[in-house]
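Below: one structure, written as structure tokens.
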Amino acid sequence: MTRGTLKCRRCPECLGYGCLDQLPGLGGVFHNKNFQLNCSAWKNLQADGEADGTIKKIRQIEFSPSQIMCAPVTGSVENIGYANEADFYFPYFNESRKAGFGVCVGDGYPDEKLEFGIEAVKKIRADFDPDFKAAFFLKPYPQNILFKRLEKVLPYASHIGLDIDAYNIATMRNKVHLEKKTAEDLEALRDFCRQQAGGAALPFVIKGLFTPEDLQLVKDFRPEVALVSNHGGRVETLQGSSADFLLENAELLHKCCDQVWVDGGIRSGLDVQTAIYYGADRVLAARPIIQDVFDGQTKNLIKLKNCDIIKK
């Protein structure tokens with residue numbers, strides 16, 4: 001396997017300052033502003049906890065590695081620096097699995113990206129765990145395309161998710177037709193999943209909650225899981241952090257959903273504890289895991305159990 005060259009500045013801590021505007025790449029939009037805010041907001045909440053005494057409660061929160069998931073990532077050539085697209089998926093999924101994390105699979109353009117993800121899941125099932133399943137996140141293609149993709153992924157899925165904000169992501173622009181989804185569109189997708197499963201319902205996740213309009217969609221659709229996210233600072237949306245959006249809206253989201261997940265700027269076990277304290281049931285992380293898997297430094301993932309998932 002020809003590894004390629006990682007599109008990362010290898011900063012001592014991944015906080016969004018070294019890869020400004022690197023899209024394609026590991027950077028973000030708006031001069032990385034939301035990427036940076038995602039990271040700093042967890043630290044700000046922890047500083048507030050130090051000031052008001054709640055940090056002790058936060059640090060006492062026990063969590064399982066299964067409450068962390070590797071986020072859905074595709075585009076390993078253009079965004080990460082792999083020489084071959086297919087080489088990314090299996091190590092990313094399997095090393096995350098070995099660390100005890102949940103696994104999320106994404107799709108993209110061209111269609112082979114989803115196929116590579118499915119093949120990697122099938123390889124894990126064949127080689128290590130026949131019962132292994134992953135959460136699949138699909139971009140908001142037209143409904144007829146999504147029905148076909150759902151047929152492919154349902155046999156391997158623990159959750160079905162839709163990236164509701166991805167219609168506005170810069171790396172997909174002018175490549176494919178993506179669209180904003182209504183509650184009726186989402187209900188049709190959930191019904192299709194139930195029909196395919198003979199009435200058994202997989203948890204349905206809507207990912208990319210970051211605006212008042214998104215909150216209304218949650219109220220109308222009532223997914224099993226609501227995932228607060230600004231796509232790692234990579235989608236053009238309101239300015240702010242996923243941590244602050246969680247802080248402001250966790251109570252409302254829990255009234256409409258069984259679980260609330262969050263991503264964006266998760267860099268340490270303390271960040272995980274902070275997210276849980278403020279209402280998250282699970283968190284997703286990508287950039288730190290990507291670097292460790294690319295470099296073959298996957299022992300850093302195991303450090304999570306000591307509240308540290310990146311190199312210091």
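The values are calculated or read from the model by the stated rules, or taken from the named source; none is laboratory data. Bear in mind the structure is a predicted one, so any value in this text is a computation, not a measurement. Positions of Cβ are backbone-derived with ideal geometry, glycine not excepted, and every protein chain shown enters the neighbour counts. Areas reflect the complete protein model, heavy atoms only, side chains present, ligands, DNA and RNA absent. Shrake-Rupley method; radii C 1.70, N 1.55, O 1.52, S 1.80 Å.
Taken as a whole, the condition of being of a type in the set (Val, Ile, Thr) and assigned to a loop (DSSP other than H, G, I, E, B) does not apply to residue 171.
Test residue 266 against the stated conditions and say whether it is surrounded by fewer than 20 Cβ atoms within 10 Å (Cβ to Cβ), under 15 Å from residue 67 (Cβ atoms) and either aliphatic (A, V, I, L, M) or modelled with pLDDT under 95 (or both). When the stated conditions are applied, residue 266 does not pass them.
Selection of region 102-136 for residues being over 20 Å from residue 197 (Cβ atoms) and either modelled with pLDDT under 95 or surrounded by fewer than 16 Cβ atoms within 10 Å (Cβ to Cβ) (or both) yields 108, 109, 110, 111, 112, 115, 119, 123, 126, 127, 128, 129. Scan region 227-243 and give yes if some residue there is in a strand (DSSP E or B), surrounded by 21 or more Cβ atoms within 10 Å (Cβ to Cβ), modelled with pLDDT of 95 or more and touching a Gly at 6+ places or on another chain (Cβ under 9 Å), otherwise no. Yes, because at least one residue in region 227-243 is in a strand (DSSP E or B), surrounded by 21 or more Cβ atoms within 10 Å (Cβ to Cβ), modelled with pLDDT of 95 or more and touching a Gly at 6+ places or on another chain (Cβ under 9 Å).
Of all residues in region 188-207, those that are over 22 Å from the mean Cα position of the chain (by Cα) and either small (Gly, Ala, Ser) or not in a helix (DSSP H, G or I) (or both) total 5.
If I go through region 59-87 residue by residue, how many of them are acidic (Asp, Glu) and closer than 16 Å to residue 23 by Cβ?
So the first thing to find is which residues in region 59-87 are acidic (Asp, Glu), and the list is 62, 78, 85, 87.
Then drop every residue that is not closer than 16 Å to residue 23 by Cβ, which leaves 78.
Residues meeting the conditions: 1.
If you check residue 86 against the conditions, is it assigned to a helix (DSSP H, G or I) and open to solvent by less than 30 Å² (accessible area, probe 1.4 Å)? Don't jump to the end; show me each part of the working.
Working: assigned to a helix (DSSP H, G or I): yes; open to solvent by less than 30 Å² (accessible area, probe 1.4 Å): no.
No: the conditions fail for residue 86.
List pairs: first in region 31-57 and in contact (Cβ under 8 Å) with a residue 12 or more places away in the chain, second hydroxyl-bearing (Ser, Thr, Tyr) and not in a helix (DSSP H, G or I), Cβ under 6 Å, 6+ apart or cross-chain? Hits for this filter: 37/241; 38/241; 41/241.
Among the residues of region 254-263, which ones are surrounded by 17 or more Cβ atoms within 10 Å (Cβ to Cβ) and out of contact with any helix residue (DSSP H, G or I) (no Cβ under 6 Å at 6 or more places or on another chain)? 257, 259, 261, 263 - these are the residues of region 254-263 that are surrounded by 17 or more Cβ atoms within 10 Å (Cβ to Cβ) and out of contact with any helix residue (DSSP H, G or I) (no Cβ under 6 Å at 6 or more places or on another chain). Looking for something part of a loop (DSSP other than H, G, I, E, B) and polar (S, T, N, Q) - is there at least one such residue anywhere in region 16-29? For region 16-29, residues part of a loop (DSSP other than H, G, I, E, B) and polar (S, T, N, Q): present.
Specify the residue that is modelled with the lowest pLDDT; the eligible residues are those in region 11-30 that are more than 21 Å from the chain's Cα centre (by Cα) and either basic (Lys, Arg) or open to solvent by 40 Å² or more (accessible area, probe 1.4 Å) (or both).
The initial filter retains those residues of region 11-30 that are more than 21 Å from the chain's Cα centre (by Cα), namely 11-12, 18.
From the residues that got through so far, the ones that are either basic (Lys, Arg) or open to solvent by 40 Å² or more (accessible area, probe 1.4 Å) (or both) too are 11-12.
Working: 11: 93, 12: 90.
The selected residue is 12.
Remark: pairs (first residue in region 104-131, part of a helix (DSSP H, G or I); second residue open to solvent by 80 Å² or more (accessible area, probe 1.4 Å); Cβ separation under 9 Å; 6+ apart in sequence or on different chains) = 114/152; 115/152; 118/152; 121/133; 125/131; 125/133.
How about region 48-63: which of its residues are loosely packed, with under 11 Cβ neighbours inside 10 Å and either at positive phi or of a type outside the set (A, V, I, L, M) (or both)? 52, 53, 56, 60, 62, listed by residue number.
Return the only residue of 188, 166, 197 being of a type in the set (Gly, Ala, Ser), over 18 Å from residue 280 (Cβ atoms), touching a helix residue (DSSP H, G or I) at 6+ places or on another chain (Cβ under 9 Å) and at pLDDT 95 or above. Let's see the steps before the verdict.
Working: 166 fails: at pLDDT 95 or above; 197 fails: at pLDDT 95 or above.
Just a single option satisfies the conditions, and that option is 188.
Residues that are over 16 Å from residue 252 (Cα atoms) and surrounded by fewer than 18 Cβ atoms within 10 Å (Cβ to Cβ) within region 191-220 comprise 191, 192, 194, 195, 196, 197, 198, 199, 200, 201, listed in sequence order.
Residue by residue through region 137-189, note down the ones that are among the hydrophobic types (A, V, I, L, M, F, W, C), open to solvent by 20 Å² or more (accessible area, probe 1.4 Å) and over 23 Å from residue 210 (Cβ atoms).
145, 147, 154, 188
With respect to the conditions (1) outside any helix (DSSP H, G or I); (2) more than 26 Å from residue 172 (Cβ to Cβ); (3) touching a residue at least 24 places away in the same chain (Cβ under 8 Å), residue 262 lacks only one, and its number is (2).
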